[in-house]
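J.: Dropping a structure here in structure tokens format, bear with me for questions.
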Amino acid sequence: MSAENALYTILVEKIKQDALVLPTLPAIALKVRKAADDPDIDLGKMSDIIAQDPALSLGILKVANSVVFGRAVKVESVTQAVTRIGLRQIKSIATAMAVEQMFISNNEVVSEYMHITWRKTVDVASIAIALMTRYLQKNKHTAFTLDTLTLAALIHNIGALPILTEAENHPEVFAKPIFLQQAIINLANKIGGEVTKAWDFPAEFTELVTSWSDLTLLPKEAHYLDFIRAGAIYHEIFKSASTRDILLKSYVTKGILPDVDFLQTAEFNELVAQVKTMFD
């Protein structure tokens, strides 16, 4: 049995037996999510919780000062940032910002692949967030929310994390890029769905994580899936040119894009660059 097939077999068996070790959210993200569900929480208490974690504090400041929130005056404190973002959105935004802390490994090959995986996630998320930002500006009464899309985009490939962790446990056999890549392509969506369930996320996140690359599922109306898939189109994760053309035309019909070439315009790429400052 090849190493690739061995890794695949181990992962499949562990999934069947509910024995696969799934990642846990960073403690600070759990604190924020618990606090956000408290009906008595206020901005000051939430700011105090976030301020306990320097990395999360910096991430929240970057988000609050990003083009996504479109304010001219720069915020300089966590309290100001939480006030700008708002308690309703801070749960998803803080969780999204904390996810990056999970992509760490002591194995050189796995660490490099975790870095690559996270950067690809950010690339896709930046396109999705930029498109959603524009969409919300033009559709004031939509049910879509930016915080939901941001979290969904940043965890859309979270299923790669348990795969990489398993490889780290058997580095002499599995810590090789070609094996990791194939396992992620074949299993990440299914495993990612299990991760969202373990984290007690709403069902819509499980649907997004398990379905974003399943192009047999094509919503007739605009859907969060469309924004994540637009990121995959932009970064050529979907290899078929005809598939990309069909999807882009459907996004024009749904009002997500003004035309099929919009993703290549200077206007859009400038917006994406501004969004990416949240993750630099």
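J.: From the list Asp18, Asp40, which one is open to solvent by 60 Å² or more (accessible area, probe 1.4 Å), over 18 Å from the mean Cα position of the chain (by Cα) and on the phi > 0 side of the Ramachandran plot?
T.: The conditions single out Asp18.
J.: Continuing with the same structure: Can you pull out every residue in segment 95-126 that is open to solvent by 10 Å² or more (accessible area, probe 1.4 Å), farther than 13 Å from Asn157 by Cβ and of a type in the set (Ser, Thr, Tyr)?
T.: Ser105, Ser111, listed by residue number.
J.: While we're looking at this one, here's another question. Between a first residue in segment 35-49 that is within 18 Å of Ala64 (Cβ to Cβ) and modelled with pLDDT of 90 or more and a second residue that is in a helix (DSSP H, G or I) and open to solvent by 100 Å² or more (accessible area, probe 1.4 Å), which pairs have beta carbons less than 7 Å apart while being 6 or more apart in sequence or on different chains?
T.: Hits for this filter: Ala35/Lys45; Ile49/Lys31.
J.: So, one more: Could you tell me how many of the residues in segment 52-94 are open to solvent by less than 60 Å² (accessible area, probe 1.4 Å) and over 22 Å from Ala153 (Cα atoms)?
T.: The number of residues fulfilling the criteria is 4.
J.: Only residues in segment 243-269 that are without any contact (Cβ under 8 Å) to a residue 60 or more places away in the chain count as the first member; pair them with residues that are assigned to a loop (DSSP other than H, G, I, E, B) and open to solvent by 40 Å² or more (accessible area, probe 1.4 Å), Cβ under 7 angstrom, at least 6 apart or cross-chain, and list the lot.
T.: Filtered contacts from segment 243-269: Thr243/Leu215; Leu248/Val260; Lys249/Val260; Val252/Asp259; Val252/Val260; Lys254/Glu221.
J.: Residue pairs, Cβ under 8 Å, 6 or more apart or interchain, first in segment 195-223 and closer than 20 Å to His235 by Cα, second open to solvent by 80 Å² or more (accessible area, probe 1.4 Å) and not in a loop (DSSP other than H, G, I, E, B). List them.
T.: Thr210/Lys190
J.: For segment 190-201, how many residues are open to solvent by 30 Å² or more (accessible area, probe 1.4 Å) and not hydrophobic (A, V, I, L, M, F, W, C)?
T.: 4
J.: List pairs: first residue in segment 133-148 and open to solvent by 40 Å² or more (accessible area, probe 1.4 Å), second residue among the hydroxyl-bearing types (Ser, Thr, Tyr) and not in a helix (DSSP H, G or I) anywhere in the structure, Cβ distance under 8 angstrom, at least six positions apart or on different chains.
T.: From segment 133-148, the pairs are Leu136/Thr142.
J.: If you don't mind, there's one more thing I want to ask. Taking segment 202-218 on its own, how many of its residues are modelled with pLDDT under 95 and either open to solvent by less than 30 Å² (accessible area, probe 1.4 Å) or among the β-branched types (Val, Ile, Thr) (or both)?
T.: Looking only at that region, the number is 1.
J.: Select from segment 21-34 the residues that are of a type in the set (Lys, Arg) and in contact (Cβ under 8 Å) with a residue 12 or more places away in the chain and write down the one among them that is least open to solvent (accessible area, probe 1.4 Å).
T.: Arg33
J.: Return yes when Tyr113 is at pLDDT below 95 and among the aromatic types (Phe, Trp, Tyr) and no when it is not.
T.: When the stated conditions are applied, Tyr113 passes them.
J.: In segment 90-101, what count of residues is obtained for those that are of a type in the set (S, T, N, Q) and touching a Leu at 6+ places or on another chain (Cβ under 7 Å)?
T.: First, the residues of segment 90-101 that are of a type in the set (S, T, N, Q): 92, 95, 101.
If we keep only those that are touching a Leu at 6+ places or on another chain (Cβ under 7 Å) too, we end up with 92, 95.
Residues that pass the stated criteria total 2.
The values are calculated or read from the model by the stated rules, or taken from the named source; none is laboratory data. This is a predicted model, so every value here is computed, not measured. Cβ sites come from the backbone with ideal geometry, for glycine too, and all protein chains shown count toward neighbours. Accessible surface areas use protein heavy atoms only, side chains included; no ligands, DNA or RNA. Shrake-Rupley method; radii C 1.70, N 1.55, O 1.52, S 1.80 Å.
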